[in-house]
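Undergrad: For reference, the structure I am asking about is given below.
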Amino acid sequence: FRRVLFRSVFSNLPPASVSVPDADLDPAIGLFGYSCPTSIIALVLDAVSYVRKQGVPVQLRLLGSPGRPSAISDAWLTASRARAVSDALLFSGTLSLQGLSDALAACDILLFVDPPGPTSRKTTLAASLASGRPVLALDGPQRWSELARDEVAMIVAPTADALAGAITALLGDEGARQALGVRGQSFAQQRMGLGPSARMVAEIVEQMIS
């Protein structure tokens, strides 16, 4: 019998050099980790289409690798053309660690759309929360309950209507966005940071040798 302990993953990105999104640009929705099933691609793009039809010129930034050209970016582009929103897509391509950190922090809202829901085992979620930007996540069967309990991220039903409504609500309330981003970043530092993980390992080693 061996004791097994689990820790949430942590972000390995450096602090961003960008403090706030550029107010002169169209509202930016960022997605870090966009290798999604076609059903999720459709859901996200339907939500983007709904928001744009309400007169909000959102941009969807697909952050990180693989970028263009790739099979997954082709899937996003094909689905976006079918919805007449291909002009909303921007692929960052592969970025340096600092570049990725800055790209996350430059978005007005960050999405997390993995079908299992936001879990403690995803570095993409850890990096998004650590960025200080508000995180909007699709609910799923493996949702980390503390995220909703502590209002660390806004978690919505996995439907295009629910996602579009949440995007519109957040974009319309700067105070809510800032508060959600602060809570998410604080949670990432206190619960998902490298420090807590290192302390847990140190405690285990101390118990083993004592």
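The values are calculated or read from the model by the stated rules, or taken from the named source; none is laboratory data. In this text, all values refer to a predicted model and were calculated from it rather than measured experimentally. We place every Cβ from the backbone using ideal geometry, glycine too, and count neighbours over all the protein chains shown. We work out accessible area using only protein heavy atoms, side chains counted, and drop any ligands, DNA or RNA first. Shrake-Rupley method; radii C 1.70, N 1.55, O 1.52, S 1.80 Å.
Undergrad: Can you match Rg and Dmax of the Cα atoms in Å to one of these, (i) 17.2, 55; (ii) 16.4, 48; (iii) 17.7, 65, based on a calculation from the structure here?
TA: Correct label, based on the coordinates given: (iii).
Undergrad: Another question about this same structure. Ignoring ligands, DNA and RNA, what percent of the 1.4 Å accessible area of the chain is carbon and sulfur?
TA: 54 percent
Undergrad: Go through V156, I167, L125 and say which Cα lies farthest out towards the positive end of the charge dipole of the chain; charges sit on Cβ, +1 for Lys and Arg, -1 for Asp and Glu.
TA: L125
Undergrad: Under a crude label model (7 Å from the Cα following the beta-carbon direction), how far is T159 from S86 in nanometres?
TA: If labels sit at T159 and S86, their model points lie 3.1 nm apart.
Undergrad: Kindly state, to the nearest 0.05, the FRET efficiency for I209 paired with R121, given R0 = 22 Å and r defined as their beta-carbon distance.
TA: Result of the calculation: an efficiency of 0.15.
Undergrad: Then there's this: Among A82, A166, A188, whose mean-square fluctuation peaks in a Gaussian network model of the chain (Cα, cutoff 10 Å)?
TA: Judging by the Gaussian network model, the answer is A82.
Undergrad: Test of understanding: extend the Cα→C-beta vector of D74 to 7 Å, then name every residue of region 28-47 with backbone N under 17 Å from that spot.
TA: 35-38, by backbone N distance to the label point.
Undergrad: Rounded to whole Å, give me the distance from the Cα center of region 121-159 to that of region 24-38.
TA: 15 Å
Undergrad: A follow-up question, please. Could you give the dipole magnitude of the chain about its Cα centre, charging the beta-carbon of Lys and Arg +1 and that of Asp and Glu -1, in debye to the nearest 20?
TA: 600 debye
Undergrad: Looking at the chain as a GNM with Cα springs under 10 Å, which of P141, P37, P14 has the largest mean-square fluctuation?
TA: P141
Undergrad: Which of the helices in the chain meet the span-like rule: DSSP H, Cα axial reach of 20 Å or more, Kyte-Doolittle mean at least -0.5?
TA: Counting only whole DSSP H runs, the qualifying helices are 38-53, 194-209.
Undergrad: If you don't mind, another one. Can you work out the accessible area per residue across the chain, with the rest of the protein chains kept in place, probe 1.4 Å, in square angstrom?
TA: In whole numbers, the chain has 50 Å² accessible per residue.
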